[in-house]
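Participant: One structure follows; several queries about it will come next.
Every number in this text was worked out from the coordinates using simple rules, so none of it is lab data. Every value quoted in this text rests on a predicted model; they were computed, and no experiment measured them. Methodologically, a virtual Cβ is constructed for each residue, glycine included, from the backbone with ideal geometry; neighbour enumeration extends over all protein chains shown.
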Amino acid sequence: MANTRPGVYVSEAPLARVVANPNSSETLGGFLGTALRGPTTPALVTSWSDFVSKFGSFSGDTTLPYALYQYFNNGGGDAYVARVLASDAAAATKEWNSRLTFEAITEGVWGNAVSVEIALNTDPSTFTLSIKEEQRGVTVTVEQFRELSMDRSSGRYVLKIVNSLTIGSQYVVVSDVAEDDSDLTASPAVTLSGGTDGVEAITAGDYGATLDEFDNIDANFVFNAPGLADATSLVTKIASGRQDSIFICDTDENQTPDMTGAALPASSYAAVYYPWLWIADPAPDAVRGGIKKVPPGASVAGMIVRTDTSRGVFKAPAGVSATLAGAVASETRLTNAQLDTLAEMNINVVRPVPGSGIAAMGARTRAFGTVDQYVSIRRTINYVKKRAADVSRFALFEPNTPPLWEQLRVANGAFLSELWQTGGLAGLDFSQAFYVKCDGENNTQSSIAAGEVHIEIGIAPAFPAEFVVIRVGQFESDASVVVTEEV
């Protein structure tokens, strides 16, 4: 019926589906290195205390504790951490009363400090299992499981409880030697033994195998292997495989500024930071006022996550605001000539900044002469790829027709608009900042028949201002003198 008089008319009609943008994946820290104990597959760590409970505190030459301490100290958020071990490392083990065998949950000498004690209850069919650990010369009970049973049909069967992934032990796994349902008899407590960190040196292959364990975690990572001076093979894995993360590389301790002998990966998925830092030593047994020299990568990773939270991935993680908490001095004092040389090699220097502290004063990747030679641009591209995959996932198994293409253009255009509005893309308007193409031109009959829908996204990333050039002019009457200063 035609509208014949002025008014507001409401009708119902099908509209293009609006796909809600999922929350953008927060940047996660990704760390691999040596620790007192802990899993060799990535474990989620949400705080320093959480790390200590899973991997142990400061100990010997382990690399992860100081790294994670500095990561959280500099504003880092959730992180996945994996412990790297030599190929011949072994787990401590011990048999109890010819009935149960206890084995440390992961390999390493740490397991030799673990003991188990079983106390029979008044009801002889149940018992209490106590897991103890020697900590700084004192044996403490770290776990206790009550009302356990040897009856395999019972809900409290010892293997079901202790080996449970959700409520089980964080120290040991247990196996039933006799595999029968008879009750236990009294026996003294036993201490696990035979645990070793291995005598073989940890190799690049060991690090590579550990990095592979991150493959099934869908996230934008800021990776770091604290103290690993040659991360080239790990960067190559990320560049050819994940393509959604960046590796923060450390150099060797006492590395000379000319980088003689340094292993520097050549990839936009890698950023190298130099030199090492002196930090206030946070270890409980450190001398009062003591300092500790650590690689800068973990501190930088925390600062990057902090910058993401306050500004976004498009903000270059460098400058007077990119200070590194806990740092009291840099390992090496650099001359202007050395700073120039390092800049030419795309090495990011952490150095004292008057009035601010120790700060990262560089934000380049190890790519040269391309747009992704900047950390912020590489990470913006990574973000766009990840977000585009997330918002487009609804299209799986949908009819590959023009209405679907329109939905994909809307979904991807929405998050790109948001990125532009927050300053993550260049351009005076949307058309200059990005485009999304998903139509009959790039979705041909042959691609449709192959089950493919193609989306093309172009972005104009915002370049960081690396150099501030100030022209100061002094004029007098008709004469003028112009001085150019670079800050």
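Participant: Taking only pairs that are 8 or more places apart or on different chains, how many Lys pairs in the chain have Cα atoms under 21 angstrom apart?
Facilitator: Pairs that pass both the separation and distance tests number 10.
Participant: With unit charges on the beta carbon (Lys/Arg positive, Asp/Glu negative), name the residue among Thr332, Gly208, Ser149 whose Cα is farthest towards the positive pole of the charge dipole of the chain.
Facilitator: Thr332
Participant: By how many nm would the segment from Arg471 to Ile291 lengthen if fully extended, with 0.36 nm per residue of separation less the alpha-carbon distance?
Facilitator: The span from Arg471 to Ile291 would gain 60.5 nm if fully extended.
Participant: Is there a quick way to get the dipole size of the range 105-176? I mean about its Cα centre, with the Cβ of Lys and Arg at +1 and of Asp and Glu at -1; what is the value in debye to the nearest 20?
Facilitator: Taking the Cα centre of the range 105-176 as origin, the dipole is about 120 debye.
Participant: Could you give the C-alpha radius of gyration of the chain expressed as a fraction of 2.2 N^0.38 Å, taking N as the number of residues it contains?
Facilitator: With N residues counted in the chain, Rg over 2.2 N^0.38 Å equals 1.25.
Participant: In nm, to one decimal, how far is the modelled label at Thr370 from the one at Leu120, with both set 7 Å along Cα→Cβ?
Facilitator: According to this spin-label approximation, the distance is 7.0 nm.
Participant: Under 20 Å from a label point 7 Å along Cα→Cβ of Glu344: give me every residue in the range 223-243 with its amide N that close.
Facilitator: none
Participant: Nothing charged except the Cβ atoms of Lys and Arg (+1) and of Asp and Glu (-1): what's the magnitude of the dipole of the chain about its Cα centre? Round to the nearest 20 debye.
Facilitator: 1060 debye
Participant: Looking at the chain, which longest stretch skips every one of the trypsin sites (Lys or Arg not before Pro) that is in a DSSP loop with at most 11 other Cβ atoms within 10 Å, leaving the sites themselves out?
Facilitator: Longest run free of exposed loop sites: 334-487.
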